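Colleague: The structure's right below; bear with me while I get my questions together.
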Amino acid sequence: MPDAVRPLIAGNWKMNGLRETGQALAQTIAKRRPGQACDLLLCPPATLLEMVGAALTGSGVLLGAQDCHQEIKGAHTGDVSAAMLADVGCRFVILGHSERRGEGHGETDADVAAKVQTAHGEGLVAIVCVGERAAEHAQGATLTVIESQIKGSLPEGVTPENTVIAYEPVWAIGSGRTPISEEIEAAHKRIRANLGARFGTPEAFRILYGGSVTAANAPEILSIHGVNGALVGGASLDAEAFCKIAESCG
Ligand code: PGA
């Protein structure tokens, strides 16, 4: 790891895992506690938060959620609030994932910024996802797109302690394809420059890469300058693969 900040390896289980499999996965990771040189975070579905939190107790592996509503409470059928996540032991929440933006759930940059603010108010660290779509990548618009998402998705009050950014090209998620190292480095550099210009201390921010991270490609991706960890989807459902990714941090 060329960078000074402690890397974070986060598993986004998405809509996967029932109680039995979820508990077993969390217990295996907690017992092995791989990658002593990084922080580890599991983000199971909301139904498993309490059980996974219990399985992680004492292991140092952190608990996070995949989304929250921008209001603290109220008439929002089916939604989960940041206060509920903090109450069940979450320290982190993923916000603005591409599966929640756009056609998935129609979330805009402004929606994401409102959620980030609410999450901060409840003491949660927001992991804010940005990334270009395939057509934007093909047009060479990657840096413009992520710059505009970074500007629109972050409220005032962002610090390296309360916010992590995940650069996740939409076309790389679940596809087995990843950008070349130079593209990842350029994207992280642009994100960091924007964070620095608005919030100061650019080097202190953790900027993760996400999109088809595997045990095989993690060593290379995690050694790219400016990459401070990974947000892992599919491979985080396999204890062996997830542990290997964490161990790539040293
Ligand atoms: P993937 O998902 O690792 O399965 O590509 C990453 C993500 O969506 O966070």
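FYI, it's all coordinate maths here, none of it is from the lab. Given the structure is predicted, the values throughout are model-derived calculations rather than measurements. In this analysis, Cβ positions are derived from the backbone assuming ideal geometry, glycine residues included, and neighbour counts consider all displayed protein chains.
Colleague: Could you work out [θ]222 nm for the chain from helices alone, using -39500 (n - 2.57) per DSSP H run of at least four and dividing by all its residues? Round to the nearest 500 deg cm²/dmol.
Modeller: Numbers: 10 runs with 95 residues, N = 250.
For the chain, the value works out to -11000 deg cm²/dmol.
Colleague: In addition: What is the ratio of the Cα radius of gyration of segment 68-172 to 2.2 N^0.38 Å, where N is its residue count, to two decimals?
Modeller: In units of the 2.2 N^0.38 Å rule of thumb, it is 1.08.
Colleague: So what are the three principal axis dimensions of segment 36-84 from its Cα atoms, in whole Å, longest to shortest?
Modeller: 42, 20, 14
Colleague: In addition: Of all alpha-carbon pairs in segment 125-250, indicate the percentage at a distance above 20 angstrom.
Modeller: That tail contains 40 percent of the Cα-Cα pairs.
Colleague: Over the alpha carbons of the chain, what is the largest minus smallest coordinate on each principal axis, giving the biggest first in Å?
Modeller: Taking max minus min along each principal axis of the Cα atoms, the chain gives 44, 44, 32 Å.
Colleague: Run the numbers for Glu71 and Glu203: contour at 0.36 nm per residue of separation, minus the present Cα-Cα distance, in nm.
Modeller: Between Glu71 and Glu203, full extension yields 44.4 nm more.
Colleague: Straight distance only, please: which lysines reach the Cα of Lys115 with their own Cα at less than 27 Å, same-chain residues fewer than 8 apart left out?
Modeller: Lys14, Lys73, Lys151, Lys189
Colleague: For the chain, which cysteines have no disulfide-compatible partner, meaning no other cysteine Cβ under 4.7 Å?
Modeller: Cys43, Cys68, Cys90, Cys129, Cys243 - these cysteines have no disulfide-compatible partner (Cβ-Cβ under 4.7 Å) in the chain.
Colleague: Which aspartates and glutamates, if any, have their Cα less than 16 Å from the Cα of Lys244, not counting same-chain residues under 8 positions apart?
Modeller: In chain and number order, the partners are Asp39, Glu220.
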